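Structure record follows, encoded as structure tokens.
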Amino acid sequence: MAKNGNDAEIDEGLYSRQLYVLGHDAMKRMQSSNVLISGLRGLGVEIAKNVILGGVKSVTLHDQGVAEWKDLSSQFYLREEDLGKNRAEVSQPRLAELNSYVPVTAFTGTLTNEYLTKFQVVVLTNSSLDEQICIGDFCHSNGIKLIVADTRGLFGQLFCDFGEEMTVFDTNGEQPLSAMISMITKDSAGVVTCLDETRHGFESGDSVTFTEVQGMTELNGCEPIEIKTLGDICDTSSFSDYVRGGIVTQVKMPKKIAFFLLTDFAKFDRPGQLHMGFQALHAFEKKHSRLPKPWSQSDADELVALAEEANAAQTGSAKQEQLDQTIIKKLSCMAAGDLAPINAFIGGLAAQEVMKACTGKFMPIMQWLYFDAVECLPEAGDAVLTEEECAPRNCRYDGQIAVFGSKLQELLAKQRYFLVGAGAIGCELLKNFAMMGLASGEGEVIVTDMDTIEKSNLNRQFLFRPWDVTKMKSETAAAAVKLMNPSVRITGHQNRVGSDTEKVYDDEFFESLDGVTNALDNVDARMYMDRRCVYYRKPLLESGTLGTKGNVQVVIPFLTESYSSSQDPPEKSIPICTLKNFPNAIEHTLQWARDEFEGLFKQPVENRTLKLPGAQPLEVVEAVYKSLVTDYPHSWEDCVAWARNHWQCQYNNNIRQLLHNFPPDQVRPLTTSGAPFWSGPKRCPHPLEFSTNNDLHMDYIMAAANLLAQSYGLPGSTERSALTKLLQDIKVPEFIPKSGVKIHVSDQELQSANASIGKRRRTVAELILFVPVSPEQRKLDDDDTNFHMDFIVAASNLRAENYDIPPADRHKSKLIAGKIIPAIATTTAAVVGLVCLEMLKIIQGHTKLESYKNGFMNLALPFFAFSEPIAAPKHKIDWTLWDRFEVKGIQSNGEEMTLRQFLDYFKVILDAHSTRILFVCKENKNILICVPKMKVSLMSLKRHEGEQYMTEFSFLGELFLEVMQLSKIIHVTLENSCLQLGDEMTFIGKD
């Protein structure tokens, strides 16, 4: 077995996404930490799973208890045949499979002080208060970090003690800020002014350092300086006069922290109440050697009395003025419950605290956190749960029945849900579905994912193992979940959701669903599924993660807005002229390198292997001619020669031409200040001279030549010595900068030039070209063996050297150029826990908007926020995106409805709202109805079981702004239309 430790190399292939969250230094510190997890019920196994995936040095599982029926409702590594066996010993081999770098052992003895000294972090779950106090005192006095986690039904508790104080090296995990300077005053409190291109984002209290400052050079490379109010820094009165330029960069400073109480910020009054409630639970269990019985009113009354006693013994801020008896009684009624979603949420948080304790990365919870989800209980006025209905039945769902009763379990078994995606979120959802008993009877879970398993997936997608690599995700995940709960019915598909699979996921399919859960990684697919759910009026559970950040959105028909109702602003793009000629940050050079990759190895292949219909711009034809004639290689030597000449063009010739147009000492025209052209965001470049002794130069040639060879089906080579010999024989044409070459300084100037050129551009009527080889189309990925990232890293860092921009290592280059989403198992587990809590509300039929919760979290801060979903906006006639007209095309006498009958039907409906139809279109099986100045959705008219036609119209936007006459009907032809199901169109009526 491979092992972690001080000298162990980090497996970037396995931990790639997590490394973008924690960083190499934090990962190394974590790989030196031994962790003890005590209590292997549902919460303990959730924490253990996340910690093992994270990659600590070792994990020891401790439990002296045996598996019981109620454990099976959330302990996903216990099976029915394990009943009566020690939980730690049974779970150990299954948890050990998660990560070959982390040794996992089981311990069933007593936790003595001597034994505890082996560990850097101790986690207690399902422990008594006496045990927590005893172990906590020892750990505190011996520098061992302690985490106590507990869940009771819909309630959760988390406590952290990392010593009298803890040093945090990075409080938020965000990338250090950087900005370009326009001015620094010379004063007792110098003020730094940044360029106005973007908001710099610095705050008072941040520490910064300076580079490339001209004039006031005393600031360059200085020790970190704290920003004071209004951008003040240190005393600069004795420094040299500021001339120009400079970059200010944030420095992450170590921070020593204290502790305070934390809770869900939507329930400020809850933590103190729950603190007393949990204290009372410990007293009850100590007195009776059991927990309160599910929904026992006598036990609930006794717990309230014990809570009053505990509160009376408190002093200071811990003492509550008045206890909320209702919430204490609810805690008593469900204390015996054990819910997979709550364990997933608290377990994700607790595992992240373990990582914080090991690494000093991110701000730990200080010091208590309480959480509850009592909104999941039946809404007021619904049936009241009874002790009899929630009593144990010696079945695997006893822990869930103790909270919700047996009727919900019956509903869960009948559910038919569509899960889109079997990645990290998808795996966690399937695990929770199995534990909850979703589709364990007549129902079914259909999961679709077209991707195969890769090594980097294993760090988060815990249903997969190393031997599953290259297998289909959906099938493998379904098989793994069946081992957790054989009664769950799961079907795996390998389809992409979209217009091309609507014959598979058709009307019949969607109409049979009870709901949809998204586990997607792109906005387009999310919006498509959102449109389908609106069309078929199905609830949708949406979620996503970004490193330590996560969000949950619930979409309920007729109650909430849809996912597409609000969207994030588009990402800010880099100006073209900045990329082409004036980069000033490594992000610019990496985007340039990515564009270079696609322009050289992707687009030419597309152009020369496709029939190009219609009038094509001349540059497309020239690019095809170049790839087929002038640059067509016939051997490996040709590929090397092309790469060497391209290097010369990009990193020497083009830079010399740029400096010929804009000399280093040029002053900007039309400026009163006479500022140099190369100042502010414009960094003056310098040309590079090629050398076979420069590893970066050789990396570029090797990657570019091999990529070109692959594109043309030629053999490549990785022999650097042979490559060096080839390069020595290549003659590079001499370059002389030319006068009259136009280089655009701004995007506005570039657009104006393109507009004028477009009027004179020659075109070719039609181009059909075939290549005598089968070139492989290149799509950028982060496979370390295919030269993609080799080219990107080398191309970017060479350009960075041109402009004196600090280079980026391969790890950072992958993140930026590959647009990789950082991910970690802890966030995924916590988010999915919240998703499944919302699912429980949907299945119970909650109808109140305030019962549902959209959630946002950032485990790094830590921060948690929950809010009611936004209600579906209502228009002038009380019409929302969920409303529509339904028309039966076949009448009761068996005849098809005529167009006049169709219009008369709508005339009756629309007359009631004082409006008229503007126009109707009937073409093939599509009907489009539109009212004035109104967006409509194109819907398909489909025969249902050969008996009737039915179509549905989904009206959006402001309705009925004008009154039109029925005589003004316009017929529209949709021949060769590119419209698809769900597309929106806007029509304005004319006479």
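The values are calculated or read from the model by the stated rules, or taken from the named source; none is laboratory data. None of these values were measured; they are calculated from a predicted model. Positions of Cβ are generated from backbone atoms using ideal geometry, with glycine treated the same way; all protein chains shown enter the neighbour counts. These area figures cover heavy atoms from the full protein model, side chains too; ligands, DNA and RNA do not enter into them. Shrake-Rupley method; radii C 1.70, N 1.55, O 1.52, S 1.80 Å.
Values for this structure:
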| item | result |
| --- | --- |
| Subset of the stretch 10-19 (residues that are assigned to a helix (DSSP H, G or I) and either surrounded by fewer than 20 Cβ atoms within 10 Å (Cβ to Cβ) or over 19 Å from the mean Cα position of the chain (by Cα) (or both)) | E12, G13 |
| Residue that is surrounded by the most Cβ atoms within 10 Å (Cβ to Cβ), among those in the stretch 94-106 that are among the small types (G, A, S) and within 21 Å of L463 (Cβ to Cβ) | A96 |
| Residue count for the stretch 495-516, restricted to those that are farther than 16 Å from R416 by Cα and hydroxyl-bearing (S, T, Y) | 2 |
| Within the stretch 47-93, considering residues that are surrounded by fewer than 21 Cβ atoms within 10 Å (Cβ to Cβ) and acidic (D, E), the one nearest to P486 (Cα to Cα) | E80 |
| Inter-residue pairs, beta-carbon under 7 Å, first closer than 18 Å to T386 by Cα and in the stretch 296-308, second not in a helix (DSSP H, G or I), 6+ apart | S296/E387; D299/P292; D299/K293; A300/P292; L303/P292 |
| Answer from T236, T198 - the residue that is farther than 19 Å from V251 by Cα and at pLDDT 90 or above | T236 |
| Selection count where residues are of a type in the set (D, E), in a loop (DSSP other than H, G, I, E, B) and at pLDDT below 85, scope the stretch 733-752 | 0 |
| Unique match (being in a helix (DSSP H, G or I) and either open to solvent by 40 Å² or more (accessible area, probe 1.4 Å) or at pLDDT 95 or above (or both)) among A704, A709 | A704 |
| Every pair of residues 6+ apart whose Cβ atoms lie under 9 Å, when the first sits in the stretch 651-671 and is closer than 13 Å to V745 by Cβ while the second is of a type in the set (V, I, T) and at pLDDT below 95 | L658/I743; N661/V741; N661/I743; F662/I743; F662/V745 |
| Where A808 falls short, out of the listed (1) of a type in the set (G, A, S); (2) buried (at least 24 other Cβ atoms within 10 Å of the Cβ); (3) not in a helix (DSSP H, G or I) | (2) |
| Residue that is farthest from S562 (Cα to Cα), among those in the stretch 521-538 that are among the acidic types (D, E) and open to solvent by 20 Å² or more (accessible area, probe 1.4 Å) | D521 |
| Every residue from the stretch 787-836 that is under 24 Å from the mean Cα position of the chain (by Cα) and polar (S, T, N, Q) | S813, T826, T827, T828 |
| Conditions (1) crowded, with 24+ Cβ neighbours inside 10 Å; (2) outside any strand (DSSP E or B): number failed by M857 | (2) |
| In the stretch 369-381, the residues that are surrounded by fewer than 20 Cβ atoms within 10 Å (Cβ to Cβ) and touching a residue at least 24 places away in the same chain (Cβ under 8 Å) | V374, E375, P378, E379 |
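Here is a yes/no grid of residues against (1) in contact with a helix residue (DSSP H, G or I) (Cβ under 8 Å, 6 or more places away or on another chain); (2) among the basic types (K, R); (3) in a strand (DSSP E or B):
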{"position": "T167", "(1), (2), (3)": "no, no, yes"}
{"position": "N172", "(1), (2), (3)": "no, no, no"}
{"position": "A179", "(1), (2), (3)": "no, no, yes"}
{"position": "M183", "(1), (2), (3)": "no, no, yes"}
{"position": "A189", "(1), (2), (3)": "no, no, no"}
{"position": "H200", "(1), (2), (3)": "no, no, no"}
{"position": "S204", "(1), (2), (3)": "yes, no, no"}
{"position": "V208", "(1), (2), (3)": "no, no, yes"}
{"position": "C222", "(1), (2), (3)": "no, no, no"}
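Condition check ((1) surrounded by 23 or more Cβ atoms within 10 Å (Cβ to Cβ); (2) at pLDDT 95 or above; (3) farther than 25 Å from E97 by Cα; (4) in contact with a Phe, Trp or Tyr (Cβ under 8 Å, 6 or more places away or on another chain)) across all residues:
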site	(1), (2), (3), (4)
F404	yes, yes, yes, no
K414	no, yes, yes, no
L438	yes, yes, yes, yes
W467	no, yes, no, no
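Rundown of residues vs (1) open to solvent by less than 40 Å² (accessible area, probe 1.4 Å); (2) in contact with a Gly (Cβ under 8 Å, 6 or more places away or on another chain), yes/no style:
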residue: E285; (1), (2): no, no
residue: P294; (1), (2): yes, yes
residue: Q297; (1), (2): no, no
residue: D301; (1), (2): no, no
residue: A310; (1), (2): yes, no
residue: A313; (1), (2): no, no
residue: T326; (1), (2): no, no
residue: C333; (1), (2): yes, yes
residue: L339; (1), (2): yes, yes
